[in-house]
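Read through the structure below, which is laid out as structure tokens, and then see the notes.
The values are calculated or read from the model by the stated rules, or taken from the named source; none is laboratory data. Being a predicted model, the structure only gives us computed values, none of them experimental. Here the Cβ is made from the backbone with ideal geometry for all residues, glycine too, and neighbour counts use every protein chain on show.
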Amino acid sequence: MYAVRPPWFYRALSPHYLLCRVPSESKVAYLTFDDGPVPEATPDVLDILARFNIKATFFCVGDNVRKHKDIFERITADGHAVGNHSFNHLSGWKTSPGSYYNNVMKCREFFDSKLFRPPHGRFTPGQYFVLRNDFRFVLWSVLTMDYHHAVSPEQCLRNARENLEPGAIIVFHDSIKAREKMLYAMPGFIEHALGQGYRFEALSAGM
């Protein structure tokens with residue numbers, strides 16, 4: 001069993017302490033991509049976004065930025081926002097606050113952003129408190145589950161479509177593991193949302 005939406009206690013903290021959904025009455029949504037940049041998936045995502053002329057937010061792993069600087073530079077040159085996703089995609093539940101902080105700050109050596117998404121959405125109160133003055137924590141309102149082995153491409157698309165609402169923050173993954181399902185679901189979701197009168201915007205730390 002998997003959860004498309006974050007736990008209720010995270011939603012209760014949004015938007016004052018962390019962001020699960022942007023408060024909005026208008027039809028605006030926020031596409032986000034985790035775990036890149038990688039050459040096997042990120043350029044395809046950028047091509048699709050350019051075709052639809054929409055902006056998104058990429059939560060980048062620092063070590064991937066180090067290895068694929070040219071792709072990262074294309075993300076920013078195309079006008080998309082970027083966020084910190086730690087240097088090594090650490091699980092907060094398995095890492096001390098000090099080590100977690102150092103790893104997030106190591107990612108910051110390769111690019112600067114006030115946006116931070118904890119890998120897997122897992123973090124402890126201690127990690128939150130050591131990072132909250134430096135970053136706006138961003139989770140999601142819709143997790144497409146494109147990385148999950150038991151979820152079909154069609155279900156990924158349904159997850160996104162059925163949970164679309166004003167201010168929604170939708171997570172796809174520009175990773176090798178998620179590539180096939182993401183490339184199936186993401187364009188179909190964009191077409192559906194645009195057909196429903198939605199527009200897409202990039203996230204900012206002031207939200």
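Of (1) modelled with pLDDT of 95 or more; (2) out of contact with any Gly (no Cβ under 8 Å at 6 or more places or on another chain); (3) surrounded by fewer than 19 Cβ atoms within 10 Å (Cβ to Cβ), ARG108 satisfies all except one. Which?
The failed condition is (2).
Checking the structure you have, find out if any residue of segment 141-150 is buried (at least 20 other Cβ atoms within 10 Å of the Cβ), part of a loop (DSSP other than H, G, I, E, B) and acidic (Asp, Glu).
Yes: segment 141-150 contains one or more residues that are buried (at least 20 other Cβ atoms within 10 Å of the Cβ), part of a loop (DSSP other than H, G, I, E, B) and acidic (Asp, Glu).
Would you tally the residues in segment 152-177 being assigned to a loop (DSSP other than H, G, I, E, B) and under 13 Å from the mean Cα position of the chain (by Cα)?
2
Of the residues that sit in segment 178-207 and are assigned to a helix (DSSP H, G or I) and aromatic (Phe, Trp, Tyr), which one is surrounded by the most Cβ atoms within 10 Å (Cβ to Cβ)?
If we take residues in segment 178-207 being assigned to a helix (DSSP H, G or I) and aromatic (Phe, Trp, Tyr), then PHE189 is surrounded by the most Cβ atoms within 10 Å (Cβ to Cβ).
If you scan segment 74-89, which residues turn out to be buried (at least 24 other Cβ atoms within 10 Å of the Cβ) and β-branched (Val, Ile, Thr)?
ILE75 - this is the single residue of segment 74-89 that is buried (at least 24 other Cβ atoms within 10 Å of the Cβ) and β-branched (Val, Ile, Thr).
For residues in segment 111-123 being at pLDDT below 95 and surrounded by fewer than 16 Cβ atoms within 10 Å (Cβ to Cβ), which is nearest to ARG66 (Cα to Cα)?
The qualifying residue nearest to ARG66 (Cα to Cα) is HIS120.
Does LEU157 qualify as being at pLDDT 95 or above, hydrophobic (A, V, I, L, M, F, W, C) and out of contact with any Asp or Glu (no Cβ under 8 Å at 6 or more places or on another chain)?
Yes; evaluated as a whole, the condition is true for this residue.
Just give me the residues in segment 84-102 being closer than 21 Å to GLY36 by Cα, modelled with pLDDT of 90 or more and touching a helix residue (DSSP H, G or I) at 6+ places or on another chain (Cβ under 8 Å), in sequence order.
If the condition is that a residue be closer than 21 Å to GLY36 by Cα, modelled with pLDDT of 90 or more and touching a helix residue (DSSP H, G or I) at 6+ places or on another chain (Cβ under 8 Å), then ASN84, HIS85, SER86, PHE87, ASN88, HIS89, LEU90, TYR100, TYR101 are the ones that fit.
What pairs can you find where one residue is in segment 162-189 and touching a residue at least 12 places away in the same chain (Cβ under 8 Å) and among the basic types (Lys, Arg), the other is in a helix (DSSP H, G or I) and surrounded by fewer than 22 Cβ atoms within 10 Å (Cβ to Cβ), and their Cβ atoms are less than 8 Å apart, with a gap of 6+ or different chains?
Pairs that qualify, where the first residue is touching a residue at least 12 places away in the same chain (Cβ under 8 Å) and among the basic types (Lys, Arg) and the partner is in a helix (DSSP H, G or I) and surrounded by fewer than 22 Cβ atoms within 10 Å (Cβ to Cβ), are ARG179/ASP44; LYS181/PRO153.
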